[in-house]
Amino acid sequence: MTSNQLSNEPTCWQDENSHLSDDLSGITPESLIIHIIDDEESVRMSCDFLISSLGLSTKVWASALTFLQQVNICRPAVIVSDLMMPEMSGQALQVHLSQQDSPMALIALTGNGEIADAINMLKQGAADYLEKPINSRRLQEALACAQNLTLKRATLYDIKKLYAQLTDKEKQVANELLEGNLNKNIADHLDVSVRTVEVHRSQVMKKMQSQHVSELIQKLVMLGI
């Protein structure tokens with residue numbers, strides 16, 4: 001896989017194999033894998049030791065491209081990545097993750113003179129940045145932030161995929177339910193029968209995997225509908 005081939009991949013919420021709703025309920029922040037990416041072995045081993053000592057699962061990678069070749073980026077996880085690497089930099093990795101709507105949360109490792117680049121990455125969706133040498137307390141804070149962020153993103157992307165399955169008419173009914181309208185009012189607004197609204201409403205609840213209207217509304221609110 002080359003950096004050019006990466007741009008042709010479908011985004012996570014468009015990928016038919018990336019559905020997460022059946023799996024997210026069993027995932028906790030502490031169970032997430034922490035991927036460590038750095039071209040310097042000494043840095044990889046040091047980070048691995050620090051993070052493993054916190055009781056977290058880790059995997060180490062010598063390059064961002066190797067990581068992308070072997071890891072499903074549509075799954076929630078945390079990445080601790082160096083900024084300056086050959087083949088693909090940490091900044092290019094973050095751009096790719098954002099373009100693919102990956103839920104993964106990246107923590108950038110910065111050296112002297114790289115703070116401006118790290119700030120740039122925050123604007124592009126990175127969770128946090130750490131200056132070398134890594135401070136243990138800051139590491140724990142950054143990891144906690146990234147763990148929560150990746151789970152929140154995974155939930156959001158899963159809901160986005162569910163919503164994309166709705167027909168235009170079902171989306172109209174969903175929006176009416178979000179406004180708190182009853183079936184009769186919805187029927188009047190859409191100029192259809194109450195029975196038609198009931199059928200669409202049933203499909204909305206099924207496709208959005210919602211047992212109650214309150215659950216549906218929470219999901220729609222997360223989407224910013």
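What are the residue pairs meeting all of these: first residue in segment 172-196, first residue open to solvent by less than 50 Å² (accessible area, probe 1.4 Å), second residue aliphatic (A, V, I, L, M) and at pLDDT below 95, Cβ atoms under 7 Å, and 6 or more apart or on different chains?
Within 7 Å, the pairs are Leu178/Ile225.
From the list Lys219, Lys169, exactly one residue is assigned to a helix (DSSP H, G or I) and closer than 18 Å to Pro103 by Cβ. Which is it? If you could, list the steps in order and put the result at the bottom.
Working: Lys169 fails: closer than 18 Å to Pro103 by Cβ.
Result of the check over Lys219, Lys169: Lys219.
Quick check on my filter: what residues within segment 51-79 are in contact with a helix residue (DSSP H, G or I) (Cβ under 6 Å, 6 or more places away or on another chain) and within 19 Å of Arg137 (Cα to Cα)?
Across segment 51-79, the qualifying residues are Thr58, Val78.
Report yes if Glu87 is of a type in the set (Asp, Glu) and either touching a Gly at 6+ places or on another chain (Cβ under 9 Å) or closer than 27 Å to Gly55 by Cβ (or both), otherwise no.
Numbers: of a type in the set (Asp, Glu): yes; either touching a Gly at 6+ places or on another chain (Cβ under 9 Å) or closer than 27 Å to Gly55 by Cβ (or both): no.
Taking the combined requirement at face value, the residue does not satisfy it.
Give the number of residues within segment 40-94 that are β-branched (Val, Ile, Thr), closer than 21 Å to Ile119 by Cα and modelled with pLDDT under 95. Walk me through it before giving the result.
Going residue by residue through segment 40-94, those that are β-branched (Val, Ile, Thr) are 43, 51, 58, 60, 66, 71, 73, 78-80.
So of that shortlist, the ones also closer than 21 Å to Ile119 by Cα come out as 78-80.
Right, trim to modelled with pLDDT under 95 and you get none.
Final tally of qualifying residues: 0.
Taking helices (runs of 4 or more DSSP H) that do not extend beyond segment 49-131, which have at least 1 residues that are without any contact (Cβ under 8 Å) to a residue 24 or more places away in the chain?
Passing ranges, in order: 64-70, 115-123.
Residues being closer than 16 Å to Glu30 by Cβ and of a type outside the set (A, V, I, L, M): count how many of those fall in segment 130-160.
Applying the first criterion (closer than 16 Å to Glu30 by Cβ) to segment 130-160 yields 139-152, 154.
Within this subset, residues satisfying the condition of being of a type outside the set (A, V, I, L, M) are 140-141, 145, 147-148, 150, 152.
The number of residues fulfilling the criteria is 7.
If you take the residues in segment 197-225 that are open to solvent by 60 Å² or more (accessible area, probe 1.4 Å) and among the aliphatic types (A, V, I, L, M), which one is nearest to Glu176 (Cα to Cα)?
This residue is Ile225.
How many residues are assigned to a helix (DSSP H, G or I) and surrounded by fewer than 21 Cβ atoms within 10 Å (Cβ to Cβ) when one looks only at segment 133-148?
Let us first name the residues in segment 133-148 that are assigned to a helix (DSSP H, G or I), namely 136-148.
Keeping just the survivors that are surrounded by fewer than 21 Cβ atoms within 10 Å (Cβ to Cβ) gives 136-141, 144-145, 148.
So the count comes out to 9.
Can you tell me which residue in segment 1-38 is farthest from the chain's Cα centre (by Cα), limited to those that are modelled with pLDDT of 95 or more and assigned to a loop (DSSP other than H, G, I, E, B)?
Let us first name the residues in segment 1-38 that are modelled with pLDDT of 95 or more, namely 32-38.
When the remaining residues are screened for being assigned to a loop (DSSP other than H, G, I, E, B), the result is 32, 38.
Numbers: Leu32: 13, Asp38: 22 Å.
Only one residue fits best here, namely Asp38.
The values are calculated or read from the model by the stated rules, or taken from the named source; none is laboratory data. As the structure is a computational prediction, the values presented were derived from the model and not from experiment. Here Cβ is always computed from backbone atoms with ideal geometry, including for glycine, and neighbour counts include all displayed protein chains. These area figures cover heavy atoms from the full protein model, side chains too; ligands, DNA and RNA do not enter into them. Shrake-Rupley method; radii C 1.70, N 1.55, O 1.52, S 1.80 Å.
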